[in-house]
Amino acid sequence: MTYLENSKQYTGSDLENIFFRPILTGDSAQELGVRVLYNMPQSTHIQLWDGQRNILQKFTSAGWAGGTATKRVEKAIDLQRVKAEIGFSAADYFSMVYEKIAAITDTNMEDLSGTILEQAETELFRQALAENIRATMWIGDTSADSGYNTFDGFLKIIKDLVTEQAVYNITYQSTDLEDPNYIAELLDKLWVNAEPRVQDMKGDGHLAYFVSSDICHLYEKYLDSKGVDSAYVDTVNGRPRLAYHGIPIIDVRIGSYLESLITYHRSFCMLTDTRNLVMAVNTADMPGNEVRMWYNPDEMENRQRAVFMAGCTVLDESLITYAYKQ
């Protein structure tokens, strides 16, 4: 066997359950570090309710003292229709799929059923989809002529907010990063200058610092410099998770993408609530949404295509404090 020639098409519930739900819900969604909305009714709207204060009243007389109605703000997510396409040489494609099959335990390599092949092909495409959705979620820019321009990502949205002075932001220089102690000062500045509402959210457990990889590395060096046994142990064994005063530090892992983009800050640090950054994906409300895999005999090429809708937004810019290297 040197080719995989059986065509496969997934729509409706198969498209949802086989491809997108595994990468956008549960542990996979948590790994993205932001709020993920999957297959919300189109167009996707989020209701923001402003919880009223001082609603407790003295119980002295009958009557209604509820005051005005609770304030509601509605935020819409602009979903864009996108497609993902990959082509492989038939021989290379079979080799990659065969490697996936070999990694499955209890597989009889001399009797590869259609189900096993389908699982391997699905996993191969799903990994590529997940990474490209994650990357575009951060660096997407619809104004770009090429590259990740299918929908605006968080860095584009936040850059516009910084330009409009809609968020608190500070800058730092390359020389500042030569001192690992500066990283702790930087994280502290973002905390001190955050709105009191943000600081009050710490107890909810959803605050996080979203940082570029260089900030993450320098913070680890700062921790390494502490002269205690635990710092030595962590230096040797590594740290699976980082935090500053109990607030997680999340490495957004987009350094390799930023190398070719001059429009974004390559070094940055942001404090916000993880629920404030929202990505929405919809595979149900638009005709033609599908995943298709087929073999093109003319080109001797295996091809994969996905069509769906996706978009990002920031719910409340006042909940963001942002620092970047000038």
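The values are calculated or read from the model by the stated rules, or taken from the named source; none is laboratory data. Everything numeric in this text was worked out from a predicted model, so none of it was measured. We place every Cβ from the backbone using ideal geometry, glycine too, and count neighbours over all the protein chains shown. Quick note on the areas: whole protein, heavy atoms, side chains included, nothing else; ligands and nucleic acids left out. Shrake-Rupley method; radii C 1.70, N 1.55, O 1.52, S 1.80 Å.
Here is the P(r) of the chain: all C-alpha pair distances, binned every 20 Å from 0, give 26, 48, 23, 2, 0 in whole percents. At the residue level, Y172 shows approximately 0 square angstrom of accessible surface with a 1.4 angstrom probe and all protein chains present. Calculated over the stretch 246-326, the projected area of the Cα convex hull averaged across directions stands at 9.4 nm². Counting only protein heavy atoms and a 1.4 Å probe, the stretch 279-326 has 37 square angstrom of accessible area per residue. Only helical runs count toward this figure. For the chain, summing -39,500 (n - 2.57) over DSSP H runs of n ≥ 4 and dividing by all residues gives -9000 deg cm²/dmol at 222 nm. Under the simplified labelling scheme, the S256-D188 pair shows an inter-label distance of 3.6 nm, with each label point 7 Å from Cα along Cα→Cβ. With a 1.4 Å probe rolled over the protein heavy atoms of all chains, the accessible area of T60, T283, T142 falls in the order T60, T142, T283, largest first. Evaluated with a Cβ-only charge set (Lys, Arg +1; Asp, Glu -1), the stretch 197-326 carries a dipole of roughly 240 debye about its Cα centre, given to the nearest 20.
Rounded to 0.05, the FRET efficiency of the Q80 and A102 pair, given R0 = 30 Å and the Cβ-Cβ distance, is 0.20. Between Q326 and A243, the modelled label-to-label distance comes to 3.4 nm, taking each label 7 Å out from Cα in the direction of the beta carbon. Remark: accessible surface ordering of I262, I249 (largest first) is I262, I249, probe radius 1.4 Å.
On the chain, 48 percent of the accessible area sits on carbon and sulfur atoms, based on a 1.4 Å probe.
Evaluated over the chain, the count of Lys pairs having alpha-carbon atoms less than 18 Å apart is 7 (only pairs 8 or more residues apart or interchain). Over the stretch 154-253, the hull volume per residue, using the convex hull of the C-alpha atoms, is 122 Å³.
The relative contact order of the chain comes to 31 percent, based on Cα pairs under 8 Å that sit 6 or more residues apart.
The distance separating the Cα centre of the stretch 218-283 from that of the stretch 144-210 comes to 12 Å. Modelled spin labels at T171 and S95, positioned 7 Å past Cα toward Cβ, are 4.9 nm from each other.
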